[in-house]
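Peer 1: Once you've had a glance at the structure underneath, I'll fire off some questions.
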Amino acid sequence: MTIASLNELEQSIRNVPDFPKPGIQFKDITPVLADSRLFAGCIDLLLGDHQPGTVDAVAGIDARGFIFAAAAALKLQAGFIPIRKKGKLPFKTHEQSYDLEYGSNTIAIHVDAIKPGARVLLIDDLLATGGTAKAAVDLLQKAGGKILEAAFLVELGFLAGRAKLAGLPLRSLVTF
């Protein structure tokens, strides 16, 4: 099976106008997921130069980030850390709040999700304004993780979310 190219990934991401509300151009990644070659290639590209033994855990942000991060963790023979919305995890948690355009939100991980000093790769499907990603980085660091890199399938460059992650190695496969 040949690896998917960045151009193929970009071409397969469907634009859905006015979803979930008028004026929003939603980037639908389900065509990538539906094609086994594109999905596998996407995981390989998200991993970059990371190899088994170089990453202790892969963290994924609720909910689409779980899809990519869990597959990446399996390929790296590393643990998977789900970063969930507040109230969704059954055990004691670390929490991190962040601001949204209208209001705020809180994400959480289990207090025992990361061993101190663990090497963590953060993966999500989308980098937009950077608020959720920055909160995830802060949360993982609060829990004792050493963030190696944050990798995203899609970046909405016009929203400047990258600026909130300044100083952190960051990679996006497709930028709109």
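Every read-out reported here was derived from the displayed coordinates using simple, explicitly stated rules and does not represent laboratory data. Everything numeric here is computed off the predicted structure, so don't read it as measured data. We place every Cβ from the backbone using ideal geometry, glycine too, and count neighbours over all the protein chains shown.
Peer 1: Would you calculate, for the chain, the mean residue ellipticity at 222 nm contributed by helices, counting each DSSP H stretch of 4 or more residues as -39,500 (n - 2.57) and dividing by all residues, to the nearest 500?
Peer 2: Values: 5 runs with 49 residues, N = 176.
Helices in the chain give a 222 nm mean residue ellipticity of -8000 deg cm²/dmol.
Peer 1: Sticking with this one: If neighbour count is taken as other Cβ atoms inside 10 Å, put 67, 24, 29 in order from fewest to most. Could the numbers behind the result be given before it?
Peer 2: Values: 67 19, 24 11, 29 23.
Placing the least packed residue first, the sequence is 24, 67, 29.
Peer 1: Compare 61, 147, 13 in a GNM of the chain, Cα atoms joined below 10 Å, and give the one with the largest fluctuation.
Peer 2: Comparing 61, 147, 13 in the GNM, the peak value goes to 13.
Peer 1: Next question. Based on the Cα coordinates of the chain, what is the per residue volume of their convex hull in Å³? Don't skip to the end; give the middle numbers.
Peer 2: Values: hull volume 20.7 nm³, N = 176.
Each residue corresponds to 117 Å³ of Cα convex hull volume.
Peer 1: Sort 111, 58 so that the residue with the fewest other Cβ atoms within 10 Å of its own Cβ comes first and the one with the most comes last. Before the final figure, lay out each step's value.
Peer 2: Working: 111 13, 58 28.
Ranked by crowding around the Cβ, least crowded first: 111, 58.
Peer 1: Restricting attention to the alpha-carbon atoms of segment 117-176, what are Rg (one decimal) and Dmax (integer), both in Å?
Peer 2: Rg, Dmax (Cα atoms, Å): 10.9, 34.
Peer 1: Among 70, 160, 133, determine the one that fluctuates most according to a GNM of the chain built with springs between C-alpha atoms less than 10 Å apart.
Peer 2: Checking each option, the largest mean-square fluctuation is seen for 160.
Peer 1: Given contacts defined as C-alpha pairs under 8 Å and at least six residues apart, what's the relative contact order of the chain, whole-number percent?
Peer 2: Numbers: 356 pairs, mean separation 30.9, N = 176.
Taking the mean separation of contacting Cα pairs over the length of the chain, I get 18 percent.
Peer 1: Where a Cα-Cα gap under 23 Å defines reach, which lysines qualify for residue 75, not counting those fewer than 8 residues away within the same chain?
Peer 2: List returned: 115, 146.
Peer 1: Do any GluC sites (Glu not before Pro) in segment 99-176 lie in a DSSP loop with no more than 12 other beta carbon atoms within 10 Å, and if so, which?
Peer 2: 101
Peer 1: Take the cross-link list 27/92; 27/164; 21/92 and give me the ones stretching past 24 Å between alpha-carbons.
Peer 2: Values: 27/92 34 Å; 27/164 21 Å; 21/92 35 Å.
Cα-Cα > 24 Å for 27/92; 21/92; rest within.
Peer 1: Could you give the nm distance between label points at residue 175 and residue 104, where each point is 7 Å from its Cα heading toward the beta carbon?
Peer 2: 3.1 nm
Peer 1: How many angstrom lie between the Cα centre of segment 145-166 and the Cα centre of segment 9-78?
Peer 2: Going from one Cα centre to the other spans 14 Å.
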